[in-house]
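A.B. asks: Attaching a single structure in structure tokens format; questions to follow.
Derivation of every value follows stated rules applied to the coordinates shown; laboratory data play no part. Small disclaimer: the values here were computed from a predicted structure and weren't measured. Don't worry about glycine lacking a Cβ; one is built from the backbone with ideal geometry, like all the others, and counts go over all protein chains shown.
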Amino acid sequence: MQYTTELEATIADVAQPGRGILAADESNPTIAKRFKAIEVESSEDNRRAWRSLLVTAAGLGEYVSGIILFEETLQQQTDAGESIAGSAWRQKIVPGIKVDKGIVALALSEGDTVTQGLDGLAERLRGYREQGARFAKWREVYAVDAHAPTRHGIEVSAEMLARYAAVCQAEGVVPIVEPEVLMDGSHDIERHAEVTEAVQHAVFHALQRHHVVLELIILKPNMVLPGQDRRRAEPDEVAEETLKVLRRTVPPSVPSINFLSGGQDPEEATANLQAINEQAANAPWALSISYGRALQQPALKAWPGEPFNLDAAQDALVKRARLNHLAMRGDYRAELEQD
Ligand code: 13P
């Protein structure tokens, strides 16, 4: 492979003990939803101001080693006039880029979805690399009910993730492989575990078929949880079910597992990460985060588009990042939320 040295350097910079990834790559429709909740208009400049606030938060780099950006953000600048990607790297936060183009229904396969965006991916990656991106993200999504996802849906999505990951490695960009089994719905935790296990098996088989080097990927899975319509499970149960599935499916050669938060409350996502790290003291992989909502929500609430709230919003972000850093070390306690 042509770019092994570059890929190894990116893994070394991103997969670091006690540091995680901030997912700030919401597509324009998704960020518009988040802004609507705080009554902020989703204009290009508001989106820029928000992402500028995130990357310039002092001290964030202590706990965050990577940030996933949306295409538009890669061309934008901070309030101080520096590129957002360059500003992140000044804190040793590696800039990355979401490269998928979102999900569509999988034709003729009820209940299944598939992600688009492979056409022209190699050329796009070359452009993103020139703009500073060193890793990429592609998300496949699996809704759960009694029948879905189907075996066929699982295989198709695995193939997409593996083709994407192979193109990334060929272009010198570390792939974040994200198969997200949604927590929406009324399934129990056993059903979520069953689907997550089938999905992860299919993904790793496909990665092997496509010659993807497992030492040079980051896996971004969901935690195993009961459906959102049900009562929450205790962190110890979430940790047990999540680790059981990962131990059955993820080879030890994968350097880092960075969970998505998927709609968990910020405190719940941190408590679950703590339980996972407590139960997996000798796991072969780092057990870290790539949270979007669970890192950004408190900061968004503190901000609502007002420049004079910038410090309060940055403090809220750094606090969440620090608490998750403690959870990665097994040192988080709920009382620390009050500090
Ligand atoms: P959440 O943590 O909000 O699920 O976002 C992570 C992400 O990047 C989803 O693709």
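A.B. asks: Can you tell me what percent of all Cα-Cα pairs in the chain are more than 33 Å apart?
C.D. replies: Details: 12009 of 57291 pairs.
Roughly 21 percent, rounded to a whole number.
A.B. asks: Can you work out the FRET efficiency for the pair Arg248 and Glu39, with r the C-beta to C-beta distance and R0 = 41 Å, to the nearest 0.05? Please report the intermediate quantities before stating the final value.
C.D. replies: On the way: r = 45 Å, r/R0 = 1.10.
Efficiency at R0 = 41 Å is approximately 0.35.
A.B. asks: What ³J(HN,Hα) values, in whole Hz, does the Karplus curve 6.51 cos²θ - 1.76 cosθ + 1.60 give for segment 3-13 when θ = phi - 60°, with x put for Gly and Pro?
C.D. replies: My calculation for segment 3-13 gives 10, 3, 4, 5, 5, 5, 5, 5, 4, 5, 7 Hz in order.
A.B. asks: While we're on this one: On a C-alpha basis, how far is the centre of segment 109-152 from the centre of segment 185-226 in Å? Whole number, if you could?
C.D. replies: Here the answer is 14 Å between Cα centres.
A.B. asks: If one computes the Cα centroid of segment 282-322 and of segment 48-99, what distance in Å separates the two points?
C.D. replies: Their Cα centres are 13 Å away from one another.
A.B. asks: Per residue of the chain, what 222 nm ellipticity follows from adding -39500 (n - 2.57) for every DSSP H run with n ≥ 4, rounded to the nearest 500?
C.D. replies: Numbers: 12 runs with 153 residues, N = 339.
So the calculated ellipticity at 222 nm is -14000 deg cm²/dmol.
A.B. asks: Here's something else I'd like to know. Restricting to Cα pairs below 8 Å that are 6+ residues apart, what does the relative contact order work out to for the chain? Please round to a whole percent. Intermediate results must be reported in sequence, preceding the final value.
C.D. replies: Details: 686 pairs, mean separation 58.5, N = 339.
Dividing the mean separation by the residue count of the chain yields 17 percent.
A.B. asks: Under 1.5 on a/c is rounded, so check that first for segment 1-108, then, if it is not, pick prolate when a/b is larger than b/c and oblate when it is not; a ≥ b ≥ c are the square roots of the alpha carbon gyration tensor eigenvalues. Could you put the intermediate results ahead of the total?
C.D. replies: Details: a/c = 1.95, a/b = 1.18, b/c = 1.65.
Note, shape of segment 1-108 comes out oblate.
A.B. asks: Moving on. Which of Met223, Met1 comes first, and how do the rest follow, when ranked by fewest Cβ neighbours within 10 Å?
C.D. replies: Details: Met223 28, Met1 11.
By the 10 Å Cβ count, ascending: Met1, Met223.
A.B. asks: Further question on the same structure: Enumerate the lysines that Lys244 could reach by cross-link, defined here as Cα to Cα under 24 Å, with residues fewer than 8 away along the same chain left out.
C.D. replies: The reachable lysines, counting only those whose Cα sits under 24 Å from Lys244, are Lys220.
A.B. asks: Quick one: which of 292-298, 116-122 comes out on top by average Cβ neighbours within 10 Å, and what's the full order, highest first?
C.D. replies: Numbers: 292-298: 22.4, 116-122: 13.0.
So the order, starting with the most tightly packed, is 292-298, 116-122.
A.B. asks: Still on this structure, I have one more. Quick one: 3J(HN,Hα) in Hz for segment 93-101, Karplus 6.51/-1.76/1.60 with θ = phi - 60°, rounded, Gly and Pro as x.
C.D. replies: 9, 6, x, x, 9, 6, 10, 7, 10
A.B. asks: Still on this structure, I have one more. Using modelled amide H (1.01 Å from N, peptide plane; none on Pro or chain starts), what sits under 5 Å from the amide H of Ile289, excluding residues fewer than 5 places away?
C.D. replies: For Ile289, whose amide H was placed from the backbone, the distant partners under 5 Å are Ile21, Phe259.
A.B. asks: Once you order the gyration tensor axes a ≥ b ≥ c over the Cα atoms, which shape class does segment 120-269 get: rounded for a/c under 1.5, otherwise prolate or oblate by comparing a/b with b/c?
C.D. replies: On the way: a/c = 1.95, a/b = 1.73, b/c = 1.13.
Prolate, since a/c reaches 1.5 and a/b exceeds b/c.
A.B. asks: How would you order 277-284, 300-307, 313-320 from highest to lowest mean count of nearby Cβ atoms within 10 Å?
C.D. replies: By packing density, highest mean first, the sequence is 313-320, 300-307, 277-284.
A.B. asks: Follow-up. Cα to Cα, under 20 Å, and not fewer than 8 places away if on the same chain: which aspartates and glutamates meet these conditions relative to Lys36?
C.D. replies: Asp25, Glu26, Glu44, Asp45, Glu72, Asp265, Glu306
A.B. asks: Here is a further query. Going by average Cβ neighbours within 10 Å, how do the peptides 98-109, 164-175, 9-20 rank, with the highest at the top?
C.D. replies: On the way: 98-109: 15.3, 164-175: 23.5, 9-20: 18.9.
My ranking of the peptides, most packed first, is 164-175, 9-20, 98-109.
A.B. asks: Continuing with this model, one more query. Could you give me the ³J(HN,Hα) list for segment 310-321, computed from phi with Karplus coefficients 6.51, -1.76, 1.60 and θ = phi - 60°, whole Hz, x at Gly and Pro?
C.D. replies: So the J values, rounded to whole Hz, are 4, 4, 5, 5, 5, 4, 5, 5, 5, 4, 4, 5.
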